[in-house]
1. If you take the residues of region B:144-154 that are more than 9 Å from chain A (Cβ to nearest Cβ) and either among the hydroxyl-bearing types (Ser, Thr, Tyr) or out of contact with any Leu (no Cβ under 7 Å at 6 or more places or on another chain) (or both), which of them is surrounded by the fewest Cβ atoms within 10 Å (Cβ to Cβ)?
2. Those residues that are more than 7 Å from chain B (Cβ to nearest Cβ), assigned to a loop (DSSP other than H, G, I, E, B) and under 20 Å from the mean Cα position of the chain (by Cα), I need them from region A:92-115; list them, please.
3. Kindly indicate whether B:Ser124 is among the hydroxyl-bearing types (Ser, Thr, Tyr) and at pLDDT 95 or above.
4. Between residues in region A:167-184 that are touching a residue at least 24 places away in the same chain (Cβ under 8 Å) and closer than 16 Å to A:Ala38 by Cα and residues that are among the basic types (Lys, Arg) and crowded, with 21+ Cβ neighbours inside 10 Å, which pairs lie under 6 Å by C-beta distance while being six or more apart or on different chains?
5. Select from region A:116-158 the residues that are more than 10 Å from chain B (Cβ to nearest Cβ), basic (Lys, Arg) and under 20 Å from A:Glu187 (Cβ atoms) and list them in ascending order.
6. Cβ contacts < 9 Å: first residue of a type in the set (Lys, Arg), restricted to region B:17-33; second residue part of a helix (DSSP H, G or I), any location; separation 6+ or different chain. Result?
7. Hey, can you tell me all the residues within region B:104-142 that are in contact (Cβ under 8 Å) with a residue 12 or more places away in the chain and of a type in the set (A, V, I, L, M)?
8. Inspect region A:152-162 for any residue being free of Cβ contacts under 8 Å to residues at least 40 places away in the same chain and under 21 Å from A:Asp64 (Cα atoms) and give the result as yes or no.
Amino acid sequence: MTQIVKMKGMNKYFGKLHVLKNIDLTVEQGEVVVIIGASGSGKSTLIRCVNGLEEYESGTLEVDSHRLAPKAGNQKTLADIRKEVGMVFQQFNLFPHLTVKNNIMLAPMKVKNASQVVANATAERLLDRVGIGNQADKYPSQLSGGQQQRVAIARALAMEPRLMLFDEPTSALDPEMIGEVLDVMRELAKEGMTMMVVTHEMGFAREVADRVIYIHEGQIVEEGNPADVFDNPQNERTQAFLSRVLAH
Amino acid sequence: MEFQFQFDWQAAINAIPYLAKGIPYTLMISFGGLAIGFVLGILFGLLSINKNWFLRWPAITYIEIFRGTPILVQVLFIFYGLPDLVGRPIDPLTAGIAAIALNSGAYISEVVRGGVQSIDKGQSEAGLSLGLSRSQTFWSITWPQAFRRMIPPLGNQGIVSIKDTSLFSVIGVGELVRQGQVYIANTFTAFEVYFVVALMYLAITLTLSLLLRLLECRGVASI
């Protein structure tokens, strides 16, 4: 199996705050890894390190055999990694000045020099795939939150990533729209996409994840298949966290 | 003694052709200066938020100097002072354009800085995560959004600069106020002439306001 992400002894600080402590983590191709933990535990920071949105201070990080050095890293390496890693944000971060279709066409045309015709066809295909083919010419602000997040997923997929990062993709959504976004992610997982997902949706984690990781204060304290982690957590921190989030 | 003032409409109308000769100068100085000021504003505004300290501090110095000193002093310095340094006279029109350019450039730098900094960090993160380079991210994502937010304060600066040109009568450019002063010296109709001069400024600034409102509406419609 190919390892898409390989972290070894990774440490990350925000000033004096030690946010990631000695992280060892590998993600295999086709694997869906769900990262859970309390807010402020470092789970978002962890996946933001993977595409270099955050720098780390020590240890090693390899993404699809590109080695990204600590600190600023190499710009060329960073660019290579970002071409292969898609990311979906909590706040969608769609480009409000571009139509839905142009949001999706921008990166393929700028980064991969795709022609207008090819990028357009890709955008239409992806919008159909996420179930909003009829909204292509609207602006993001004219869409519901769930639709916007599905556009954001399509936008990331347009670069044909080898790995998708999801940073709390449903946390900013109204409850009735969470399902439609999770459905798209479930489909992606089924099609074999490698995914790292930070989420509070425990039902989704249990159903879709190949592996669940629990982070507490910047450390991986529990790791395993969902059934083990959810039904039989070994670490008392995990037990306490799960009893809080699963109780209601 | 009884004194009754009567607005002399005929005098006002008679003054129009002479005063109107000042309009091209007023427009040339304001819009010529603003065009250069816009370029300076983008350049120094972006430099002032650059991560590199060596690029940032000269920009901030420029901004603080030209925002912190009166434009009247600036134009007097350029017209009377600078020739001593360069060894030849500077014509009033050039001095006026230079003063508006440098002065509005400093204010526009701040408009640019504010506009760019107002765009959510998530926007550039989304661009970078898609593989766009820093400059691609800036010019195709951050800048277009920032520019839209800059339109109202830019319009404001445009109007301020147009009115600032009225100070340049002191260096003898034949702009609106200067034309008015010369005309009054011969006719003693100060009330009527300055009234017409004021209306001419208002016509220019209102036209600009209107154009900017149209531009703004178009910008808003597509967000």
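The values are calculated or read from the model by the stated rules, or taken from the named source; none is laboratory data. Since the model is a prediction, treat every value here as computed from it, not as a measurement. All Cβ positions, even for glycine, are placed from backbone atoms using ideal geometry, and neighbour counts span all protein chains on display.
1. Filtering region B:144-154 for residues that are more than 9 Å from chain A (Cβ to nearest Cβ) and either among the hydroxyl-bearing types (Ser, Thr, Tyr) or out of contact with any Leu (no Cβ under 7 Å at 6 or more places or on another chain) (or both), the one surrounded by the fewest Cβ atoms within 10 Å (Cβ to Cβ) comes out as B:Pro152.
2. Matches in region A:92-115: A:Phe92, A:Leu94.
3. Working: among the hydroxyl-bearing types (Ser, Thr, Tyr): yes; at pLDDT 95 or above: yes.
So B:Ser124 fits the description; yes.
4. Partner pairs satisfying both residue conditions: none exist.
5. Selection gives A:Arg125, A:Arg129, A:Arg150.
6. Every condition considered, the pairs that remain are B:Lys21/B:Gln179.
7. The first filter runs over region B:104-142 and keeps only residues in contact (Cβ under 8 Å) with a residue 12 or more places away in the chain, leaving B:104-119, B:123-124, B:126-127, B:137-138, B:140-142.
Within region B:104-142, B:Ala106, B:Ile108, B:Val111, B:Val112, B:Val116, B:Ile119, B:Ala126, B:Ile141 qualify.
8. yes
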